[in-house]
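Input: a single structure, listed below in structure tokens.
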Amino acid sequence: MSDLVADLLAAEGLPDSYRDTVDQYWRPLAAAVADRCAARGRPLLVAINGPQGSGKSTLCLFLERLLADAHGLRAATLSLDDLYLPRAERMAVAAQRHPLFATRGPPGTHDVYLGLKVIADVLAGKPASLPRFDKATDDRAPAADWRRLGAGADVLLFEGWCVGALPQPEADLAEPINALERDEDAEGRWRRQVNDQLQAPYRPLFDLHDMLVMLRPPGWEQVGQWRAKQEAKLRARSGRGMDEASIARFVQHYERVTRHALATLPARADVVVAIDADHRVVGLSGPAAPAR
């Protein structure tokens, strides 16, 4: 393993055993991305889907480093989380459409057109500014704090919990899927509007990819467990973070779309990364999965 990757392991606080994950899974995946980039002969957009806490950000960090170190390719990451609408705009959406849009995350709380512009610039070989959302202030960071990406990037990794997700059939929206929908969306207005967002404004954004990678846990149940672990670490480190009741309510905003993605995306993804209940990568599959 190169010193660069070893340094990244240390910087991310990952155990030494994670070296095996890098060598067994991330190196072959980086090679598959590099091969696809060479075949396209132009900048490549790789969409990475995975539920909250599945490891998308960590994967992107290693892919950026491996693509540069082993393949001489310049890669950058655009997170769907950094496309959130500014707080004032999101509150306006909540007031006009439904109060549940006040919680950032679901389709309808992102600046789709900003995402389309950034991706279009990168794929055209132009310089681009990668937006940043400041979760501590729940608002978009000033443009001066955005990452500047020079012209000539080879790969843009676009990661997000619902990237690539499809809308559900109308009939599937009739019954609430959890307590949040039952108690705070009894008439189904919010979930139908979220579904409409996936059908229209988000579709061009999610259809742009040249390669779709999905991080797939055993099921929805792991999402809440992983989020609880994330919040526990945050509370221990900073004294901030949601309690168990707040986490349970928060993740219900994501449940419907996540369950639908877990059921439908594996058949559409180029590469499916299987993750077990203990958060370990256990396999790569799919039509574009690298041979091992």
If amide H atoms are modeled at 1.01 Å from N in the peptide plane, then the residues at a separation of 5 or more from L78, or on another chain, having amide H under 5 Å from its own are L157, F158, E159
Here the Kirkwood hydrodynamic radius of segment 3-285, Cα-based and in Å, equals 19.7 Å
Scalar couplings 3J(HN,Hα) for segment 123-138 by Karplus 6.51 cos²θ - 1.76 cosθ + 1.60 (θ = phi - 60°), nearest whole Hz, x for Gly and Pro, are 5, 8, x, 8, x, 8, 9, 8, x, 9, 9, 8, 5, 5, 9, 6
Compute the Rg/Rh shape ratio of segment 1-51: radius of gyration over Kirkwood radius, all on alpha-carbon atoms.
1.06
Which of the listed residues, L63, N49, L100, is farthest toward the dipole's positive end in the chain, when Lys, Arg count +1 and Asp, Glu count -1 at the beta-carbon?
L63
For R140, the residues 5 or more places away or on another chain with a placed amide H closer than 5 Å to its own amide H are R87, D134
Rounded Å value of the spacing that divides the Cα centres of segment 125-154 and segment 13-63
21 Å
Work out the length of the dipole vector of segment 3-285 about its Cα centre, built from +1 on the beta-carbon of each Lys and Arg and -1 on the beta-carbon of each Asp and Glu, and round it to the nearest 20 debye.
480 debye
Using θ = phi - 60° and Karplus 6.51 cos²θ - 1.76 cosθ + 1.60, couplings along segment 65-74 (whole Hz; Gly, Pro as x):
5, 5, 5, 6, 6, 9, 10, x, 9, 8
Simple SL model, points at 7 angstrom along Cα→Cβ for V93 and T58; separation in nm is 2.9 nm
Under-5 Å amide H pairs with Q168, H placed in peptide plane, nonlocal only:
none
Cα-only radius of gyration and Dmax that characterise segment 104-187, units Å:
17.3, 50
In Å, the Kirkwood estimate of hydrodynamic radius for segment 164-212 over Cα pairs equals 11.9 Å
What are the semi-axes of the equivalent ellipsoid for segment 106-152, taken as the square roots of 5 times the Cα gyration tensor eigenvalues, largest first, in whole Å?
21, 15, 6
Restricting to lysine pairs 8 or more places apart or on different chains, what number in segment 107-246 have Cα atoms under 24 Å apart?
4
3J(HN,Hα) from dihedral phi, segment 202-208, Karplus parametrisation 6.51/-1.76/1.60, rounded to Hz, x for glycine, proline
7, 4, x, 5, 7, 8, 6
Taking only Cα atoms, what is the 0 to 90° angle, nearest 10, from helix 221-238's long axis to the longest principal axis of the chain?
80 degrees
Across G13, G150, G188, the residue with the highest GNM fluctuation in the chain (Cα network, 10 Å cutoff) is G13
Helix 244-264 vs. the chain, principal-axis angle (Cα, 0 to 90°, nearest 10):
70 degrees
Calculate how many DSSP beta bridges within segment 158-292 are antiparallel, expressed in % of all such bridges and rounded to the nearest 5.
50 percent
Give me the distance between the Cα centres of segment 181-212 and segment 239-288, rounded to whole Å.
17 Å
Antiparallel content of DSSP bridges confined to segment 213-292, in %, to 5
50 percent
For T21, T258, T58, which order do you get if you count the other beta carbons within 10 Å of each Cβ and list the fewest first?
T58, T21, T258
Evaluate Rg over Rh across segment 48-97, taking Cα atoms for both radii and Kirkwood's formula for Rh.
1.20
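Read-outs: derived from the displayed coordinates by stated rules, not from any lab. This is a predicted model, so every value here is computed, not measured. Glycine also receives a Cβ, built like all others from the backbone with ideal geometry; neighbour counts cover every protein chain displayed.
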